[in-house]
Amino acid sequence: MDLNNSNSDSSGDVFGDFCGGEKFWDSSLLNIPTPRFSICFRDTVLTWVSCGYLLVLSPFYISYVHKRHGNKAPLPFTALSATKMILSFLIGCITIIVLFLQEHYGRDCQTGITVTPAGYLASSLKFITFTWTIILQQLQRYRGVKTSAIPFIFWFVLLFTEAVTLYSHAVQTTQCSESILHYIYFILIFVQLICHGFVDEYKSGYQNIDAQEPWAEENASIFSRALYCWFNSVVWKVHKKIFLPEQFWSPLSSMKCEILAPTIDRAWKQEVEHCNLATVKKKHFVEYKSRDQKITEKTSILKNEGIRRAYHDGMAGGADNKKEPNLFLVLCRVFYWEWLEATFYRLIAEGLWLLEPVALQYIIQIAEDKSSAPLWQGIFFCCMLFTNLCISSCFYHSSYHHVQGLGLKVKAALMCLIYNKALSIKRNSSTSSTIGEIVNLMSVDCQRVQDSLTFSFYTVVTFATFGIALIQLWILMGVAAVAGIGIIVLMLPVVGYIAAEQYNLQKNLLYLKGKRIKILNEIISGIKVLKMYAWENSFINKVEDIRNEEIKRLMKFAVLSTINVLFSIHSPFMILFTLLLVHVLMSPTHTLRAEETFTAVSIINIIKFPIVICPTLVNGIIQAKVSIGRIKEFLCQEDIATDSVTRSNKTDIPNAVSIKDGYFSWSLSVPVPTLSNINLHIKQGELVAVVGPVGSGKSSLISACLGEMETIATELTLKGSVAYVPQEAWIQNMTLRDNILFGKVYNERKYRKVIESCALLPDLQILAGGDQTEIGEKGINISGGQKQRINLARAVYNNADVYFLDDPLSAVDSHVGKHLFEKIIGNDGLLKHKTRILVTHGIHWLPFVDKVLVMSDGTITESGTYTELIQLGGRFAEFLQTYLQEYEDDDDNDPELTRLRQQMLSDVEQTKSDGGFTSEEDLSIKRSNKRRKPSSKDSKGRGSHIISKSSMMSIKDNDKDVTSKLTVEEVTEEGTIKPTVLLHFLRAMGIPAVIGVIFTMAAFQSLNVFSNFWLTFWTEDPTLLNSSMAGTTEYEDRFLYYLLLFALQGLIQGIMAFISFYLALTRMVQASSKLHRRMLYNVLHSPMSFFDTTPIGRIMNRFSSDIDIMDNKLPESFKLWQMMIFQTVAVVAVVTISTPIFIAALAPIIVFYVFFVRFYLPTARQMRRIESVRRSPIYNHFSETLTGTSVIRAYQCSERFIEESRQRIDENIKFYYAANTGGRWVGWRVELVGNFVAFLAALFALLTNDLNGAQVGMSITYAVQLTITLNFGVFAISEMEMNVISAERVTEYTSLPSEAEWEKRGSKLDPYWPTSGRIEFQDYKTRYRPGLELVLCGIKCTIKDGEKVGIVGRTGAGKSSLAMALFRLIESADGMIKVDGVDISTLGLHELRQKLTILPQEPVLFSGTIRNNLDPFGHYCEDSLWYALECAHLKDFVINQNGQLEYECGEAGQNLSVGQRQLVCLARTLLHKTKILILDEATSAVDMETDELIQETIRTQFTDCTILAVAHRLNTILDYDRVLVLDKGLIVEFDSPKNLLDDQQGVFYSMAKDAGIV
């Protein structure tokens, strides 16, 4: 074979004078067994390539080092640095010495050959380059660059180019000093390359040294990075099962949120500012025409309503012209360099792959005619093929490593951006997102954006690959190439239509997912109430209705994806068929040569993979576009105005709180402000009480002072730091102590004083772990009173300057309230020197405050001291008299408080001329609505005026290291995916469908292989090779026979592929639907103990992230996995059949391949499992933060929460990154096997004498294809393994321990049961969970029908457990409960729970209408609903709302006040009225007005019911028939209240005395 070409002579002329007349390329020296390379070639191309590479890239490299390593400390001057410098110096010196020897003794030891200009230039260029390497090394050291690819590649390329010169010297007949020096020169270059394979490191104790356990990649050499050797230890530890996640490296520094979050946040703010400026330029003022008024941006907002409305309308109108920020551009600006770097590596890999057909063409030519070229040329092209494949593999994996790392960075950055936004967003806006929707953004949308980046470089690579392939095909087959590529152009409109449809489907799907997650979040949050009402089926139907809509769209998406995949997987055949059809038809003889055919097949096989990836790429782009749009929409929502409150620390400011001309609203879109004309000045150290009826704006005033509301032309100033106790206590899932400390440093003396003052000492003695007891999510394992006192303790410990206390005393009884007021809030308490604003309904404290603010209809109607307001005789006096007269006849109150109230009433009546009322009729009406005394959850804080020695000791014990754990750690599975999981999933798909998928895909691949064999038959057919027969009937028939059967095979292939992927994708959607349904049913069937010990975020992680992976990622990875597995088998089969000698090498190669895959897969599984487990804490913390944003903002501790979130994200990301790196680790090694297979196939084909060109072409084509197949095969296997983890996690939740059946089959229960309401406890015992102590230890009692029984006892006595036992939320350990003679354990849970009525402690509402919250099953008529609302005193409120019964309650009922929510629960109770009513501390967390309304309704509406009232406020049950006193799970007293109070030695008397009743 002649390696010369037509340009050899002209090239010789070009280099003639420059090379001293020597030819640049002399083919006569190459087509011999021992080839020679000209000196001209060595002095020009070989030198210019190596030196030019370094010199050209140096400016870019220096810029990169300066940008990325500008802040790093210099590396020390080590032995390694010195060695590199010395080696570069020696190599440069040898270059000069060699030049000197060449001038005096001639080139290549030949005196007749002088040094040419090309030689002088080559030596000068080398010397300059070597000198430059010394400078570059010092620059790297100074900038802290430990290792770099640029210098390493330079020495690597130089070694290869100098190997040619080394070879030239080695084959010379004579040796001289020049030869010896060149051997030394080559050895030094090799040593220098080895040195650059090591890392320069900081010495121990050097400044800016990395973390103790840094990510190993950061200290890895370039060689180790290229081959991923730094990951060896992880794979080994996981394989040996000694890997400990806690001891894993810290995250990669460039991937830490502390680096990413500020960068993306800064870029987003710049984009928003840019858009705002553009909007201002576009529209300089906002115009509003109303009564000839014009308002511009500079117009001051006046107080009158008309102008305020004009302002709002003008702002709304201007929104249409506002330029929207572009989140995609922000991501591009921040991460473009890294994406370009990954794309650059991928382009190199693709470019190198496209050189393979060139080598293949030469190998086929040599194999067909072995006399055409010397053997070394064939071996050279085989080695070239292998080297090319290895270098291509290196760049291929680098591209994926970089782009997957980039995806994780983008995901982490977006998660940080969403979290930051969640802390500042205005949650009360009608347009704001719900908690479920926001969590969905973080869990699903961020993941979608990450996934879309995996193949994103193909947006560029595909076009580049197609371009180069088209050129190669044009050279090979001429104009036929255009016809082949034209097939792709014809498919573009169809693909475009499918992409548009998929985009719309994705938008709908993400909307539905958000809606489903929102409802699920509410279901899990309110699961206890849901179970007690037996509403599970209603909410299951709600979720399933949404899920069914998702499935419909997923099915349609699967069909569109099938069409897309069909085009992508079958387009290579269509391209090849069209190419060959046009080529043979244009040929006069219709001949087809093996050389051009299989070279074309090889080229098409290379572009096949970008085509195969296209559907995944398009799908990813569509999903990313939708998700980025959703995230942007959230980020553009309105924030809390940070400038609405001026915080000052100046000492000369007299007022701690100052509001001037205050107008506040929850939303600017509402024309009437919530608060108006607020003028407030509170001096430092004052105690100010805020009073007023329900809905008067008391809590809104607190929110306004904290900056939570919109302000209109308001001056609001706060002096110093702030502490806030919200009306609804906010508790974190951490220890009791950590809830109190709230990020502050622990001070034992201060801490003890705070818990004593907050009446928490008795609680610490009772709780299992003392103050180290873990508090469950939302305080699930503590009472409402405990929650509020912990919140108060948090505020006190915070030691702020200004305290906003939103009715913290409403949740405690009078005695505890008095203790808290005296010890904390009052002017003799811990906060006596602080400024305190107290919202209260406890009017008996008003004489002890410095100022009273009276609110009504959103305004402050009166302000002054208690005495001033009494003397004024205005609304305050009326308000006071109303409340005091409700207590007038109560004889069961605290004596001291009773005296206070009587004195206050006397003061009022002395001031009022008519005794406080205008008529006796008014007096009788007001007295008839007598209010009962406020109560509590709290017997817990009683009697803690003095800290006893034993109490002190109990806390010290708790300080040790004992934490009472409530939350169970999430278990990580180990080992391979269990066969039961796979079988579970396959059954959900349908076994016949799975068999059909395998059969049709096997048929497709078999036909695909056979079609290539068909090409060998075609190209080697003797009739068609005989061109003399061209034009004859036999010849034409033969030609048509091959052509038509080839087309038929392609058609059948397409049908088989469509059936296979249609079955696979649609059945996987079906499987996901089934598993979601089973998981939903199983979770809602789980006992309460499961929800007590499992964080909401962990459950939601399954329903959001894992289901999304099953819906989207699992089908995608299965698609790729299915294709690659069958294709790998096909490749091995073809190569084996074509080259039988290959079988000898096949066995060890298969062993090697299987070993690496099996060695690696445990790492992929384990990393993804750990990542899944580490994902849940992110969502737990996020959900917790969203419910407490107002508290976090008030304490100004957003940065601490942001830091906590970042740490959790970092912890998750590093395992995800490790899982991806594991894929690259095994991919490289397996690909090396594939490259070696290709090399052996080419070598065997070259050395075998009985193969024709077609067989050689097909063998090598498939062998080369094996490399690409193994690339994607390993990727597909690892992705499949990792995504099946989600199926494993979902399957785990389909087999949770279940509570009893909801409905008993064949139940013969009387539909009117219970008819009387008689309850019998027969030696009843129970515990909360297996392994715990009994909470009820043998209850024996009978409650008569229609009897009213109060259940009391100190904390931990078992009161709530008794109520839960009736509903079977906890099951019997022994004994039984009978209702009307029926053992409740024999009933279905719904049969039982639907026959009981409960008014729960916490007012739990769900998003939806008032109608849905009252009657989710639609069992009751509208009149019944209105009657229930009327009895619950809510009818007037509902009538005045838009939609009335269809009024939206908002997420968790946020559109209603706490009191209104409890009244809705009361209406719900009235609607579902049965013979047995359980009151579980129903009024412990409401104000006195709501308490009175509830108590009055219970007295009038449940007269014929058996009532069990779990109570902490003893006065609420003093008029009951009997009182059941519990202690340590046993009944200690059970008698009438009167008899129990007569027994002065009894427990009830003791409790009544502690409460101040006696």
Matching residues in the range 996-1044 - criterion: being of a type in the set (D, E, K, R) and open to solvent by 10 Å² or more (accessible area, probe 1.4 Å): E1020, E1034, E1036, D1037, R1038
Residue satisfying all of: in the range 574-631; under 30 Å from V330 (Cα atoms) and of a type in the set (D, E, K, R); surrounded by the fewest Cβ atoms within 10 Å (Cβ to Cβ) among these: K625
Could you run through the range 1074-1087 and say how many residues are in a helix (DSSP H, G or I) and open to solvent by less than 10 Å² (accessible area, probe 1.4 Å)? 6
Contacts under 6 angstrom Cβ, first residue in the range 1106-1127 being closer than 23 Å to R1169 by Cβ, partner of a type in the set (V, I, T), 6 or more apart: D1106/V1290; D1108/V444; E1116/T616
Among the residues of the range 94-112, count how many are open to solvent by less than 40 Å² (accessible area, probe 1.4 Å) and either without any contact (Cβ under 8 Å) to a residue 12 or more places away in the chain or over 23 Å from L188 (Cα atoms) (or both). 1
Can you find, within the range 339-395, the residue that is farthest from L1247 (Cα to Cα) among those that are crowded, with 22+ Cβ neighbours inside 10 Å and of a type in the set (D, E, K, R)? R346
Which numbered condition G1331 fails, given (1) touching a residue at least 12 places away in the same chain (Cβ under 8 Å); (2) out of contact with any helix residue (DSSP H, G or I) (no Cβ under 9 Å at 6 or more places or on another chain): (1)
Considering every residue within the range 1134-1147, establish whether at least one is buried (at least 20 other Cβ atoms within 10 Å of the Cβ) and not in a helix (DSSP H, G or I). yes
Can you confirm whether Y1427 is within 27 Å of Y1312 (Cα to Cα) and assigned to a loop (DSSP other than H, G, I, E, B)? no
Residue selected from the range 670-700 under the condition of a type in the set (A, V, I, L, M, F, W, C) and open to solvent by 20 Å² or more (accessible area, probe 1.4 Å), by the criterion modelled with the lowest pLDDT: V670
Being surrounded by 17 or more Cβ atoms within 10 Å (Cβ to Cβ), among the hydrophobic types (A, V, I, L, M, F, W, C), modelled with pLDDT under 75 and more than 21 Å from I775 (Cα to Cα) is the requirement here; does I955 meet it? no
Taking the range 711-746 as the search range and keeping residues that are acidic (D, E) and at pLDDT below 85, which one is surrounded by the most Cβ atoms within 10 Å (Cβ to Cβ)? E728
Report, by residue number, each residue of the range 224-242 that is open to solvent by less than 30 Å² (accessible area, probe 1.4 Å) and either within 25 Å of T147 (Cα to Cα) or in contact with a Lys or Arg (Cβ under 8 Å, 6 or more places away or on another chain) (or both). S224, A226, Y228, W230, F231, V234, V235
From S1407, S1372, S1385, residue being out of contact with any Leu (no Cβ under 7 Å at 6 or more places or on another chain), among the small types (G, A, S) and buried (at least 21 other Cβ atoms within 10 Å of the Cβ): S1407
Could you please give the count of residues in the range 1303-1362 that are open to solvent by 30 Å² or more (accessible area, probe 1.4 Å), at pLDDT 85 or above and among the small types (G, A, S)? 1
Yes or no: A1071 in contact (Cβ under 8 Å) with a residue 12 or more places away in the chain, open to solvent by less than 10 Å² (accessible area, probe 1.4 Å) and of a type in the set (A, V, I, L, M, F, W, C)? yes
Being within 30 Å of F1215 (Cβ to Cβ), at pLDDT 80 or above and not aromatic (F, W, Y), is that true of even one residue in the range 1145-1164? yes
Can you confirm whether S703 is modelled with pLDDT of 85 or more, closer than 27 Å to H1433 by Cβ and open to solvent by 10 Å² or more (accessible area, probe 1.4 Å)? yes
Residue that is modelled with the highest pLDDT, among those in the range 140-179 that are touching a Pro at 6+ places or on another chain (Cβ under 8 Å) and either small (G, A, S) or closer than 27 Å to I391 by Cα (or both): Q140
Residue check, L1518 against (1) open to solvent by 20 Å² or more (accessible area, probe 1.4 Å); (2) at pLDDT below 80, all met but one. Which one? (2)
Could you tell me which residue of the range 1186-1218 is surrounded by the most Cβ atoms within 10 Å (Cβ to Cβ), considering only residues that are under 20 Å from the mean Cα position of the chain (by Cα) and β-branched (V, I, T)? I1209
When you look at R1158, is it open to solvent by 50 Å² or more (accessible area, probe 1.4 Å), of a type in the set (D, E, K, R) and touching an Asp or Glu at 6+ places or on another chain (Cβ under 7 Å), yes or no? no
Is it the case that the range 36-46 has a residue that's among the β-branched types (V, I, T) and either open to solvent by 80 Å² or more (accessible area, probe 1.4 Å) or under 44 Å from the mean Cα position of the chain (by Cα) (or both)? no
Within the range 113-123, considering residues that are at pLDDT 80 or above and open to solvent by 60 Å² or more (accessible area, probe 1.4 Å), the one farthest from I180 (Cα to Cα): P117
On the given criteria, is V482 part of a helix (DSSP H, G or I) and more than 32 Å from the chain's Cα centre (by Cα)? yes
Is there any pair linking a residue in the range 690-706 that is over 18 Å from A656 (Cβ atoms) and small (G, A, S) to one that is open to solvent by 10 Å² or more (accessible area, probe 1.4 Å) and in a loop (DSSP other than H, G, I, E, B), with Cβ under 8 Å and at least six apart or on different chains, and which? G695/S1457; S696/D857; G697/T674; G697/D857; S699/Q727; S699/S1457; S700/W666; S700/T674
Examine the range 648-669 for a residue that is surrounded by fewer than 20 Cβ atoms within 10 Å (Cβ to Cβ) and closer than 26 Å to K507 by Cβ, and state whether such a residue exists. yes
Please note which helices (runs of 4 or more DSSP H) are completely contained in the range 337-448 and include at least 1 residues that are touching a residue at least 24 places away in the same chain (Cβ under 8 Å) and more than 27 Å from I471 (Cα to Cα). 375-424, 435-440
Testing P325 on (1) part of a helix (DSSP H, G or I); (2) more than 30 Å from N31 (Cα to Cα), one condition comes back false. Which one is that? (1)
Residues within the range 770-812 that are part of a helix (DSSP H, G or I), among the polar types (S, T, N, Q) and surrounded by 23 or more Cβ atoms within 10 Å (Cβ to Cβ), tallied: 3
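The values are calculated or read from the model by the stated rules, or taken from the named source; none is laboratory data. For clarity, every value in this text was computed on a predicted model and none was experimentally measured. Note: ideal-geometry Cβ built from the backbone for every residue, glycine included; neighbour counts use all protein chains shown. In case anyone asks, the SASA skips ligands and DNA or RNA and just uses the protein heavy atoms, side chains included. Shrake-Rupley method; radii C 1.70, N 1.55, O 1.52, S 1.80 Å.
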